[in-house]
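A short worksheet on the structure shown next.
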Amino acid sequence: MQRLRFVKSIWQLLKSSCEGAATQTTCSSRHYSHLPPQGPNSFGLLFDIDGVLVRGKMAIPGAKQCFRNLVDKNGKYKVPVLFVTNAGNCMRQTKAEHLSHLLEVEVSADQVMLSHSPLRMFTHFHKKCVLVSGQGPVLEVAHNLGFQDVVTIEMLRDAYPLLDVVDHNRRPKNSIPPTKGLRPIEAVILFGEPIRWETNLQLIVDVLLTNGNPHNFWICKQHPHIPVLACNMDLLWMAETKNPRFGHGMFLVCLESLYKKVTGYDLKYEALIGKPSVVTYNYAELLIRQQAEELGWTRPVRRLYAIGDNPMADIYGANLYNRYLQATRHSYAKMQAKSGGVGGGGDLQRESVDNPFKMTLAELNGASGVYGTDESLPEGCSSILVCTGVYSKDQQELPSDPTHTVTEQRIFHGHRDFRFDPTLTQPSFLVQDVREAVELVFQLEGWQLN
């Protein structure tokens, strides 16, 4: 079963790519100091970007100094650092260059993990004809991830010119242009928020209701539809303005509502990728692990610190992953007890491992197959909330007792398919900004920060 080989597939991919080239790694050693950990503990840092390090095109005060402290005098990183963002409308290299410029330290493309990065592991879709939605170089992004037969919304609109008619200025003039026809679409990949929502919503619904053949009649009773994989569930994100902006999560709400309004059925996702899904943090941890090897560390990374500004994405996801890690350790111990204390045995029993925290399939995605199989997973993941982005102490206070938080769905900004557990919105630590967050981590881990 492919999902049960998920982690091993990631690790093999990372190694082959190298041979070829409270919070993607570089294969080149030039960015890292090959010194063992200075302190008693080994850890890795996961940084959100928007609202933590930057606001629009400007670095947040303190971010530059923070990263000067994270590199030595030769510009090599002292600890594994990964930039984990739900953004996905660009290439990793573009995001790395942007960060390098703003933070004034060298950031490798392999240190950047975008919301769609785990799609590299969904190899069973790579040879299918997929429709991709988003903005920026979506065709280049899709090919870079491994997809071989890609159709963009503009390509679909060009092939079927009568489908997009909301904007009168874009309707065909005079004679009706011929339909070109395309190979049937076998899956829909949603990278991020598009520019023309009405066009994307209309054409995606057309594809779903015609089994990938948008020149056919709608079949509203046909269910389930072809697979849909969505990246970036952020309802809101923080730019330069005082108030949050609509994110891709808002586009997903629109698509889900339209689909149910027309068909009476819920839109189903093959996968939900990006924070707060466990599969995203699972993938990030493996990238951090390889960075630690590049640093020359012989001890495994025992704790991750995920620094973010959004309680419903960064904090919720980090805490959900921490819960997953505890479940993994529980399951591993249980399997060892069954086998008389002998190590291993995980591969044969993975499908029967229990899920003590009752996490949903949407929350786990591809990570559900790795329970209890790997002793080298971190002991935990701590979440650190900063006040420079979506969350602001001036506008909202975290409840002192999250168990008494009103839990109506109307206040939950997470995705429809994720349960609302108010305890998961509570950060391990609350600090003012990223500089204070990193200082706290180094103090907790017994490291010198200078």
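Accessible area of Glu293 (1.4 Å probe, protein heavy atoms only, ligands and nucleic acids ignored): about 100 Å².
The length gained by stretching the chain between Gln432 and Lys57 to full extension, at 0.36 nm per residue less their Cα-Cα distance, is 133.0 nm.
Dipole orientation for the range 239-305: of the candidates Leu295, Thr241, Pro276, Thr241 has the Cα lying most toward the positive pole (charges on Cβ; Lys, Arg +1; Asp, Glu -1). Report the net charge of residues surrounding His248, where surrounding means a beta-carbon distance below 12 angstrom and charges are Lys +1, Arg +1, Asp -1, Glu -1. For residues surrounding His248, the net value is 0.
Here Tyr160 sits with roughly 10 square angstrom of accessible surface, probe radius 1.4 Å. The trypsin sites (Lys or Arg not before Pro) of the range 59-97 meeting both criteria, a DSSP state outside H, G, I, E and B (loop) and at most 14 other C-beta atoms within 10 angstrom of the site's C-beta, are Lys73.
From the protein chains alone at 1.4 Å, what is the descending order of accessible area for Arg183, Arg419, largest first?
Numbers: Arg183 125, Arg419 90 Å².
Reading off the accessible areas and sorting them downward yields Arg183, Arg419.
Extending 7 Å from Cα along the Cβ direction at Lys73 and again at Phe420 yields two label points whose distance is 5.5 nm.
The charge dipole of the range 166-272, taken about its Cα centre with unit charges on the Cβ atoms of Lys, Arg (+1), Asp and Glu (-1) only, comes to about 400 debye. Highest-first packing order for the peptide set 161-174, 124-137, 263-276 is 263-276, 124-137, 161-174, based on the mean count of other beta carbon atoms within 10 Å.
The values are calculated or read from the model by the stated rules, or taken from the named source; none is laboratory data. Keep in mind the model is a prediction, meaning the values are calculated, not measured. We place every Cβ from the backbone using ideal geometry, glycine too, and count neighbours over all the protein chains shown. For the accessible areas, the whole protein counts, side chains as well, though only heavy atoms, and no ligand, DNA or RNA atoms are used. Shrake-Rupley method; radii C 1.70, N 1.55, O 1.52, S 1.80 Å.
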